[in-house]
1. Show me 108-115, 237-244, 42-49 ranked by packing, highest mean number of other Cβ atoms within 10 Å first.
2. Counting alpha carbon pairs within less than 8 Å and at least 6 residues apart, what relative contact order, in whole percent, applies to the chain?
3. Report, as a whole number in µm² per second, the diffusion coefficient that Stokes-Einstein gives for the range 2-261 at 25 °C and 0.890 mPa s using the Kirkwood radius over alpha carbon pairs.
4. Once you list every other residue whose beta carbon is under 12 Å from the beta carbon of N191, what net charge do they have if Lys and Arg are +1 and Asp and Glu are -1?
5. Given 0.36 nm per residue, what is the gain on full extension from E84 to K50 after removing their alpha carbon distance, in nm?
6. What angle, in degrees between 0 and 90 and rounded to the nearest 10, separates the Cα long axis of helix 154-163 from the longest principal axis of the Cα atoms of the chain?
7. Take the alpha-carbon positions of the range 56-128, form their convex hull, and give its projected area averaged over all directions (one quarter of the hull surface) in nm².
8. Mind pulling the per residue volume of the convex hull built on the Cα atoms of the range 69-185? Å³ is fine.
Amino acid sequence: MLLKGGDQVNKIVAIVQARVGSSRLPGKTLMQLGDRSVLARVLLRLSQCKKVDQIVVATTTNGEDDRIMNEAVACGFQCFRGSESDVLSRYYGAAKMAEATHVIRVTSDCPFIDPVLIDRMVDHYLEQARNVDYLSNAFERTFPHGLDTEIFSASALAIAHAHGASAAEREHVTPYIYLNPDQFEVSNFSNSENLSHHRWTLDEADDWAFFEAVVGHLPDPLVTTDQVLALLEREPQISEINARVQQKTLADSKPINQKLAG
């Protein structure tokens, strides 16, 4: 367990949202990338985090997501099942089940998620925990898309769950927190070099082709961010495979960045 402030015990829980359904690339989370599924890769990489006490997969109660639960259990991790559309309530339930004091939000379509980066962010978050309720590395992007990480207190999650009302707040989990600066202190975690032009997340067929190309050169499921960057510098044509794919999120929107700057 991590400690903060005297003898107060913190429990840092990484919650990975995952489901089979996907309009653009159905079943992407369970697609076989090299020697294991995308979800198994994410979980293995998270298991390397030194500052994470527990990892939970949060999936839906849909029958098709039995496969997600089975994969999580086969990988040795606990699974929580909840609403498909109300992902906020799913996170709240998973956090309560795990008795989390702080939550790390990760999605299951990021097979290069970086455990070293997550540990750095946890250290930074805990250093400011008395003054910061929420930390993200995606408000002002400087990391590759696909290394997205959010860290927030369980108490902030509980407030969002109780008061978040819009469809976007329920679906995207954290908007109620970062869009209410009068209630919560939010902060951005930036990289020293802007790597935001890289796309390492799985949404479309071109993304899948990108990952297959990278894994063809670097099959180790624990490949580091630096190793991937070095490969893409040597083989820039690999980055072109999914360069056309665009993904907009609430965190990228102008109003949110304005609120952070204000």
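1. Top of the packing list down: 108-115, 42-49, 237-244.
2. Across the chain, relative contact order equals 20 percent.
3. Working: Rh = 18.6 Å.
Taking Rh from Cα pairs, D becomes 132 µm²/s.
4. Working: positive: R120, R141; negative: D114, E140, E193.
So the environment of N191 carries a net charge of -1.
5. Numbers: separation 34, 0.36 × 34 = 12.24 nm, distance 3.03 nm.
That works out to 9.2 nm of additional length.
6. 80 degrees
7. Values: hull surface 22.4 nm².
Averaged projected area of the range 56-128's Cα convex hull equals 5.6 nm².
8. Working: hull volume 14.0 nm³, N = 117.
Cα convex hull per residue, to the nearest whole number: 120 Å³.
Each value in this text was obtained by applying a stated rule to the coordinates, not by laboratory testing. Keep in mind the model is a prediction, meaning the values are calculated, not measured. All Cβ positions, glycine included, derive from the backbone under ideal geometry; neighbour counts span all protein chains shown.
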